[in-house]
Amino acid sequence: MRPDTIVVTGGNAPYYPMIDELRRSIAAVSGGARVAFGVIDAGLDAAQVAALRDAGARVVVPPAEPDFPTALLRKEPRLAVNLSKPWLDRLFPDFQTIIFLDGDTWVQDYGALLMLEGAAQRGALAVVADNGRYWERQIDVRWLLGGIGGLCQVRSFFFKNGRHGGLSLRILKEIGNRAQLNAGVFALRVDAPHWRAMRAWQGRILQSGGKGFSSDQLAMGVAVYIDKLPVELLPEWCNYIRPFRVDLGIPAIVDYYYPYAKIGIVHLAGQKAVRFDPLATTAVPDLDGVPRALSLRFGHFHRMAADLVT
């Protein structure tokens with residue numbers, strides 16, 4: 001990757017093991033290339049911060065900006081990373097491109113980072129949309145009065161959170177049936193207009209009673225769909241959430257469906273047990289469909305997979 005690109009993540013003390021695993025996963029696949037690594041301190045302890053800095057990471061705290069939602073952060077410190085995402089250009093201004101990866105991700109193929117970086121170079125937001133073949137229901141619908149006359153209520157991410165955030169009916173109609181853009185993995189140049197737009201929407205959403213946890217993803221979607229800012233939609237390979245399959249011959253976590261391509265970035269969203277217990281296992285089918293008990297955490301997955309073939 002370019003020397004002016006940084007990979008950024010964040011989390012609190014319980015997330016530290018995964019943050020360090022993410023850092024080590026990048027080192028393992030980079031072929032010796034130096035990759036700048038940044039961490040948003042959302043409640044790390046002093047020893048964890050020191051260990052990250054000793055490993056070369058840049059550790060920062062949420063921005064001390066007049067418009068940053070500091071009051072909400074004091075009330076809910078766990079939201080530090082979500083609230084800080086629209087402000088990453090202010091936190092890391094000496095880099096040209098920022099690749100953000102949630103603290104529960106790890107990199108299995110360096111090409112995924114190169115793809116995120118490359119897609120962002122033209123000033124677009126590089127991101128993966130939550131739709132496609134792994135989403136059995138693209139939009140949730142609540143049928144009213146038994147569905148008489150087709151009466152129903154849209155229950156999409158944008159509609160639900162946009163309504164809580166005080167967005168107008170015009171905006172809700174425009175974005176209500178759009179695929180949400182997954183803010184857990186994205187890349188953007190620091191000089192892109194998206195940052196300013198996301199901050200403006202975040203402020204408006206929070207002032208109207210919107211949820212802090214979803215404000216970053218909602219602001220990102222509105223900046224793209226309403227402000228019409230450029231976007232590059234990347235394949236699931238760059239932000240793979242589920243379902244998982246294992247190729248024990250490599251070993252690697254691969255796409256569930258043929259041709260079982262090796263996944264670039266593994267995202268453990270929704271995997272609560274394994275996020276806080278690296279030895280917790282889940283049944284992952286191999287290429288023959290045989291379920292294998294494996295951890296999905298970096299390093300632990302590799303050791304368990306190796307044991308299965310020895």
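If the condition is being assigned to a helix (DSSP H, G or I) and under 25 Å from ARG163 (Cβ atoms), then segment 214-260 contributes SER214, SER215, ASP216, GLN217, LEU218, ALA219, MET220, GLY221, VAL222, ALA223, VAL224, TYR225.
Could you say whether any residue in segment 128-135 is modelled with pLDDT of 95 or more and either of a type in the set (Gly, Ala, Ser) or surrounded by 12 or more Cβ atoms within 10 Å (Cβ to Cβ) (or both)? Looking through segment 128-135, at least one residue is modelled with pLDDT of 95 or more and either of a type in the set (Gly, Ala, Ser) or surrounded by 12 or more Cβ atoms within 10 Å (Cβ to Cβ) (or both). Condition first: in the same structural domain as ILE19 (by TED's automatic domain parsing), buried (at least 21 other Cβ atoms within 10 Å of the Cβ) and acidic (Asp, Glu). Can you find one or more residues in segment 182-199 that meet it? No, every residue in segment 182-199 fails to be in the same structural domain as ILE19 (by TED's automatic domain parsing), buried (at least 21 other Cβ atoms within 10 Å of the Cβ) and acidic (Asp, Glu). Among the residues of segment 285-297, those that are under 17 Å from ASP255 (Cα atoms) and either assigned to a helix (DSSP H, G or I) or not basic (Lys, Arg) (or both) comprise PRO285, ASP286, LEU287, ASP288, GLY289, VAL290, PRO291, LEU294, SER295, LEU296.
The values are calculated or read from the model by the stated rules, or taken from the named source; none is laboratory data. Here the structure is a predicted model, which means the values were calculated and not measured. No Cβ is skipped: glycine too gets one built from the backbone with ideal geometry, and neighbour counts run over all protein chains shown.
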